[in-house]
1. Only residues that are closer than 23 Å to residue 320 by Cα and away from ligand 1 (no atom under 14 Å from the Cβ): list them for the range 265-286, please.
2. Criterion first (within 15 Å of ligand 2 (Cβ to nearest atom) and outside any strand (DSSP E or B)) does residue 336 satisfy it?
3. Are any residues in the range 40-73 in a helix (DSSP H, G or I) and touching a helix residue (DSSP H, G or I) at 6+ places or on another chain (Cβ under 8 Å), and if so, which ones?
4. What number of residues within the range 199-215 are in contact with a helix residue (DSSP H, G or I) (Cβ under 9 Å, 6 or more places away or on another chain) and surrounded by fewer than 17 Cβ atoms within 10 Å (Cβ to Cβ)?
5. Can you say whether residue 210 is touching a residue at least 40 places away in the same chain (Cβ under 8 Å), under 21 Å from the mean Cα position of the chain (by Cα), within 16 Å of ligand 2 (Cβ to nearest atom) and more than 27 Å from residue 333 (Cα to Cα), as far as the supplied structure shows?
6. May I ask you to list pairs of residues, at least six apart or on different chains, whose Cβ atoms are under 6 Å apart, with the first in the range 171-190 being without any contact (Cβ under 8 Å) to a residue 60 or more places away in the chain and the second being more than 9 Å from ligand 1 (Cβ to nearest atom) and in a strand (DSSP E or B)?
7. Scan the range 41-53 and give yes if some residue there is surrounded by 16 or more Cβ atoms within 10 Å (Cβ to Cβ) and within 24 Å of residue 302 (Cβ to Cβ), otherwise no.
8. On the basis of being assigned to a loop (DSSP other than H, G, I, E, B) and either within 16 Å of ligand 2 (Cβ to nearest atom) or out of contact with any strand residue (DSSP E or B) (no Cβ under 6 Å at 6 or more places or on another chain) (or both), does residue 139 make the cut?
Ligand code: AMP
Ligand code: GLY
């Protein structure tokens, strides 16, 4: 069958690479795509993803048997609803189901109703009661905008002043909806489950590095690197997450009339009281997909088809169990602030090799050159028998890339590497 992938980031390059390997995939199209996805299929930058009728017409014309949606915006805009209504098989949640990512308030209410462990919270639509609440609770405390904010709507306030400033800034906008939460303490991990509306199967774990600088300093970003698996999520914790977080979420979504089909990505805090949900995303992570895909030993396409068809009962996903994967994001100087585009990147092919992939995100091909064309530009990924080995191989590959205008963190995977050193000692 022919497959259409929606998106243009490093996540989509990793997905394109994986999807194109499937014996079930005849032709792969990516809209809009990037120079990385072009290596595994045909880019369609001309196809306007926000024009759902145009996407449906393209699918009919090209005999598309499966649409895979990478980013959250088209999900929240209802692309899957409109394609399904047009008779096109599309993988991902409906608009209503994507509220798990699109509305923090919706998710928090679901957690309260179904006893899903999460931070204690309150919702506000006016400044004064929110200020009174944070003054009563004290710092540290977490202030979040309700709705999609690309990770930038969250303030983990260490002081009451910071919390008050964050509230003032959010309520400066008319109609603001704000969630104030208890500050959870522990280690964070990303947990992925493939869902068919009723059932879920684990799709692996990873740890992202959200801050821009080494040592988890500086502002939050979309993610500066990741590794998989996150061994802090032991098999016991995984079972607990499936039972206390994922399963009741699917039951709650069914009860609300919007069963969840797609990737449920739970951001977890592993607290002393057990795993708690920080937030949901309703898609693959970026850069987490760049470490999940290389470890996946099974064909992804039949699993996605079974999920779309509402029956994952016969599906199991195998991972290369002994192997770890680690990805280092190379970003343009200035990221996550304003960046200059157009600098030349050399050495991508020299960096690639057995078990090493350079997934492209914000890149552009011009006259035989590869140019930087965004904030996060490359995700340099390596496999290894341990996180320590994957880290060494990924940084060796980074060293082969000649891009003076780019930068990366130098400590991706440090927690796992320290743990591996401790275990070996
Ligand atoms: P979010 O956009 O909700 O994932 O939040 C971004 C980051 O803020 C998370 O990855 C956490 O590091 C942090 N965070 C969010 N909520 C909490 C919380 N309740 N307690 C502690 N940290 C949090
Ligand atoms: N890496 C964080 C995200 O994809 O949301």
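The values are calculated or read from the model by the stated rules, or taken from the named source; none is laboratory data. Quantities reported herein were computed from a predicted structural model and do not represent experimental measurements. Using ideal geometry, Cβ is built from the backbone for each residue, glycine included, and neighbour counts are taken over all protein chains shown.
1. Within the range 265-286, just 284 meets the criteria.
2. Details: within 15 Å of ligand 2 (Cβ to nearest atom): yes; outside any strand (DSSP E or B): yes.
Considered against the rule, which asks whether it is within 15 Å of ligand 2 (Cβ to nearest atom) and outside any strand (DSSP E or B), residue 336 comes out as yes.
3. Residues satisfying the conditions are 52, 53, 55, 56, 59, 72.
4. Adding up the residues that qualify gives 2.
5. No, not satisfied.
6. The qualifying pairs are 178/124; 180/122; 180/143.
7. yes
8. Numbers: assigned to a loop (DSSP other than H, G, I, E, B): yes; either within 16 Å of ligand 2 (Cβ to nearest atom) or out of contact with any strand residue (DSSP E or B) (no Cβ under 6 Å at 6 or more places or on another chain) (or both): no.
Criteria not met by residue 139.
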